[in-house]
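Asker: Attaching a single structure in structure tokens format; questions to follow.
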Amino acid sequence: PQTDDESFNHFITKYIKASKKSYIKAMRLKQNIDKKNTVPGELNIHFDTYQYNEKYYSFVFTNRMSANDNDLTTSIKTVFYNIESKEILDIQSLLGEDDKNLETFVTHVRSVIEANKELQPVLLKEDMLLATEARWILFDKFAIHDDELVIYFDEGSIAKKEYGPVSITIPLSFLNPILAAEFQIEMVAEENPGNVIDDNRKRVALTFDDGPHPKVTMQILQSLEKYNAKATFFMLGNRVQYYPEIAKEVHNRGHELGNHSWSHPVLPKLSKAQIMGEFTTTEEAIFASTGHESTVFRPPYGATNAAINEMIPRHVVNWTVDTLDWKHRDQHKLLPIVQNGMHNNAIILMHDIHQSTADGLDAVLAYLSSEGYEFVTVSEILPYR
Ligand code: ZN
């Protein structure tokens, strides 16, 4: 690929030249070992281009080199390019140059690899752990393709060499909390309708999204119990499937279970059938683990429209106070943000997948109960909104 950006062109040319050089070196070596060998070698480099959000282009080069019949080496090289700023971006800029984000990213990468059935028979478990340590340099091959981040691993680095290079995909929506601002999908808060009935009682609905999580959700349940507080958990179907016993525990302790879609996509981008699929599969998972249906629905990112609200057979509810817990991941920031945004009949957004949220919750509960708030579920607060 050539562009009107000389430095980009140079970068590509350098890569092609280096590939040729190592190919020629391999061929010479082969000739020295076996002078009679007449099997031709081959170097084949092809590339695919993917566009994302107008200005980003991913170039994925597949380099196949064989010095004889039974020795094929395949390697991948990627370039992620901002065509406006003419910059080549690395994974570090995608994840906001934040080491904490890198650690979360590693967790995602490993769980995707471990959940990939096709990979299991060829997976080199220990090599995989080494190749996915929290070091930026290990994730230098990636592309964005159809709202998914694709990460490539060299052949033999996480799976048996015969399998070739491995690519795994993670939906960008899943990575939203750890993406740099310009790659994030915007969150839309619910507008305060202003028709609040004032009956002199103070109520608040705490909501926890994106779980369940085996450790964080359980810790949150304990804190809630301490303050005799009821809350609403908007769960993702794919996580309920992993942790059915946690979903059941949430239900058994008298909290409300909400449906938050199966895989956390931006619903307005999906077809009607896909949206219903997200809803229904999650419903099935919730029913399978708790024996009950969900009672409310929250669209991922708060992104919805009139047609979706009509289609989903539940109250579609967003929030009025966003704790931004997914962003700061600092237990000491939770309470000040709640204090700052608090109003009667508030619906507070938190996430039961971050340890910092579980750690900061006690202070929030202590403050709100000292202010005389009653902790109710979303369904209970809706009539007052
Ligand atoms: Zn969510």
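The values are calculated or read from the model by the stated rules, or taken from the named source; none is laboratory data. Only a predicted model underlies this, so the values are computations on that prediction, with no experimental measurement involved. Positions of Cβ are backbone-derived with ideal geometry, glycine not excepted, and every protein chain shown enters the neighbour counts. Ligands, DNA and RNA are excluded from the accessible area calculation, which covers all protein heavy atoms including side chains. Shrake-Rupley method; radii C 1.70, N 1.55, O 1.52, S 1.80 Å.
Asker: Quick check: at a probe of 1.4 Å, how many percent of the accessible area of the chain sits on carbon and sulfur atoms? List each step's numbers first, then the result.
Answerer: Working: 9470 of 18860 Å².
Of the solvent-accessible surface of the chain, carbon and sulfur hold 50 percent.
Asker: For every helix of n ≥ 4 consecutive DSSP H residues, a contribution of -39,500 (n - 2.57) applies; sum these over the chain, divide by its total residues, and give [θ] at 222 nm rounded to the nearest 500 deg cm²/dmol.
Answerer: Numbers: 14 runs with 146 residues, N = 385.
After summing the helix terms and dividing by the residues of the chain, the value is -11500 deg cm²/dmol.
Asker: Right, next: Over the heavy atoms of M342, what accessible area does a 1.4 Å probe trace out, to the nearest 10 Å²?
Answerer: Number for this one is 40 Å².
Asker: Return the distance in nm (one decimal) between the two label points of a simple spin-label model at K215 and K25, each offset 7 Å from Cα along Cα→Cβ.
Answerer: For the pair K215/K25, the computed spacing is 4.3 nm.
Asker: While we're here: Can you check what the net charge comes to around A363, using other residues whose Cβ is under 13 Å from the Cβ of A363 (Lys, Arg +1; Asp, Glu -1)?
Answerer: Values: positive: K226, K333; negative: D325, D330, D359, D362, E371.
Charge balance in the 13 Å sphere: -3.
Asker: Another question about this same structure. Quick one: which of K248/K269; K25/K125; K17/K77; K215/K272; K30/K141 span more than 24 angstrom between C-alpha atoms? Walk me through the intermediate numbers first.
Answerer: On the way: K248/K269 31 Å; K25/K125 32 Å; K17/K77 14 Å; K215/K272 35 Å; K30/K141 29 Å.
Listed pairs above 24 Å: K248/K269; K25/K125; K215/K272; K30/K141.
Asker: In a Gaussian network model over the chain where Cα atoms closer than 10 Å are linked, find which of A273, A358, A205 has the largest mean-square fluctuation.
Answerer: The residue with the greatest mean-square fluctuation here is A273.
Asker: Can you check how the C-alpha radius of gyration of segment 100-152 compares to 2.2 N^0.38 Å, as a plain ratio? Don't jump to the answer; show the numbers that get you there.
Answerer: Working: Rg = 11.4 Å, N = 53, 2.2 N^0.38 = 9.9 Å.
Normalised Rg, Cα atoms only: 1.14.
Asker: Which trypsin sites (Lys or Arg not before Pro) in segment 76-177 pass both tests, a DSSP loop state and at most 12 other beta-carbon atoms within 10 Å?
Answerer: Working: sites: K77, K86, K100, R110, K117, K125, R135, K141, K160, K161; in loops: K86, K117, R135, K141, K160.
Filter output for segment 76-177: K117, R135.
Asker: Follow-up question, since we're still on this one. Normalised by the number of residues in the chain, what is the relative contact order in percent for Cα pairs under 8 Å and 6+ residues apart? Walk me through the numbers on the way to the answer.
Answerer: Details: 688 pairs, mean separation 53.1, N = 385.
Here the relative contact order equals 14 percent.
Asker: Based on C-alpha coordinates, I'd like the Rg and Dmax of segment 1-76, in Å.
Answerer: Rg then Dmax for segment 1-76, in Å: 15.9, 53.
Asker: Can you tell me the orientation of helix 355-370 relative to the chain, as the angle in degrees between its alpha-carbon axis and the longest Cα principal axis, to the nearest 10?
Answerer: 10 degrees
Asker: Something else now. Given a cut-off of under 8 Å on Cα pairs at least six residues apart, what relative contact order in percent is computed for segment 126-180?
Answerer: Details: 65 pairs, mean separation 15.4, N = 55.
For segment 126-180, the relative contact order is 28 percent.
Asker: Same structure again: With labels modelled as points extended 7 Å from the Cα through the Cβ direction, what inter-label distance (nm, one decimal) is found for S271 paired with D98?
Answerer: With each label placed 7 Å out from Cα toward Cβ, I get 3.6 nm.
Asker: Assuming R0 = 56 Å, can you tell me the calculated FRET efficiency for the pair K14 and Q355, based on Cβ-Cβ distance, to the nearest 0.05? All intermediate terms of the calculation are to be shown ahead of the outcome.
Answerer: Working: r = 43 Å, r/R0 = 0.77.
FRET efficiency, K14 to Q355: 0.85.
Asker: Continuing with the same structure: How far, in degrees from 0 to 90, does helix 6-33 lean away from the longest principal axis of the Cα atoms of the chain, to the nearest 10?
Answerer: Rounded to the nearest ten degrees, it is 50.
Asker: Cα atoms only: what Rg and Dmax, in Å, come out for segment 253-340?
Answerer: According to the Cα coordinates of segment 253-340, Rg and Dmax are 14.8, 42 Å.
Asker: Based on the Cα atoms of segment 29-150, what semi-axes does the equivalent ellipsoid have, where each is the square root of 5 times one gyration tensor eigenvalue, given in whole Å with the largest first? Display every interim value, and only then the final one.
Answerer: Details: eigenvalues 206, 93, 35 Å².
Values for segment 29-150, descending: 32, 22, 13 Å.
Asker: Taking the chain as the reference, fit the longest principal axis to its C-alpha atoms, fit the long axis of helix 272-290 to the helix C-alpha atoms, and give the angle between the two in degrees, 0 to 90, nearest 10.
Answerer: It works out to around 70 degrees.
Asker: Could you please state, rounded to a whole Å, how far the C-alpha centre of segment 74-94 is from the C-alpha centre of segment 129-143?
Answerer: First find each Cα centre; the distance between them is then 15 Å.
Asker: Give the residues of segment 152-181 whose amide nitrogen is closer than 13 Å to a point set 7 Å from the Cα of T280 in the direction of its Cβ.
Answerer: Nothing falls inside the zone, counting backbone N under 13 Å.
Asker: Right, here's the next one. For A307 and T169, what does the FRET efficiency come to when R0 = 25 Å and r is the distance between their Cβ atoms, rounded to the nearest 0.05? Intermediate values should be presented prior to the final figure.
Answerer: Details: r = 28 Å, r/R0 = 1.13.
It comes out at approximately 0.35.
Asker: Give me the net charge of I353's neighbourhood, meaning all other residues with Cβ under 10 Å from the Cβ of I353; Lys, Arg count +1, Asp, Glu -1. Each step should come with its number before you reach the end.
Answerer: Working: positive: K215, R239; negative: D209, D210, D325, D352.
Once positives and negatives cancel, what remains is -2.
Asker: Between V122 and T62, take the C-beta separation as r, use R0 = 25 Å, and let me know the FRET efficiency to the nearest 0.05. Don't skip to the answer; put the middle values down first.
Answerer: Values: r = 19 Å, r/R0 = 0.76.
With R0 = 25 Å, the Cβ-Cβ based efficiency is 0.85.
Asker: Here is a follow-up. Normalised by the number of residues in segment 285-385, what is the relative contact order in percent for Cα pairs under 8 Å and 6+ residues apart?
Answerer: Details: 98 pairs, mean separation 24.3, N = 101.
Relative CO of segment 285-385 lands at 24 percent.
Asker: Okay, moving on. Leaving out ligands and nucleic acids, and using a 1.4 Å probe, what accessible area per residue does the chain come to in Å²? If you can, show how the numbers build up before the last one.
Answerer: Numbers: 18860 Å² over 385 residues.
It amounts to 49 Å² per residue over the chain.
Asker: While we're looking at this one, here's another question. Looking at the chain as a GNM with Cα springs under 10 Å, which of P121, P214, P336 has the largest mean-square fluctuation?
Answerer: P121
Asker: Just how large is the dipole of segment 1-145 about the Cα centre, in debye to the nearest 20, putting +1 at every Lys and Arg Cβ and -1 at every Asp and Glu Cβ?
Answerer: Details: 19 positive and 22 negative charges, 193 e Å.
For segment 1-145, the charge dipole is close to 920 debye.
Asker: Still on this structure, I have one more. Contour minus end-to-end for V112 and N200, with contour as 0.36 nm per residue of separation and end-to-end as the Cα-Cα distance?
Answerer: Values: separation 88, 0.36 × 88 = 31.68 nm, distance 4.94 nm.
So the extension gain works out to 26.7 nm.
Asker: Oh, and also: Using only Cα atoms, what Kirkwood radius does the chain have, in angstroms?
Answerer: Numbers: mean 1/r = 0.0425 Å⁻¹.
Here the Kirkwood hydrodynamic radius works out to 23.5 Å.
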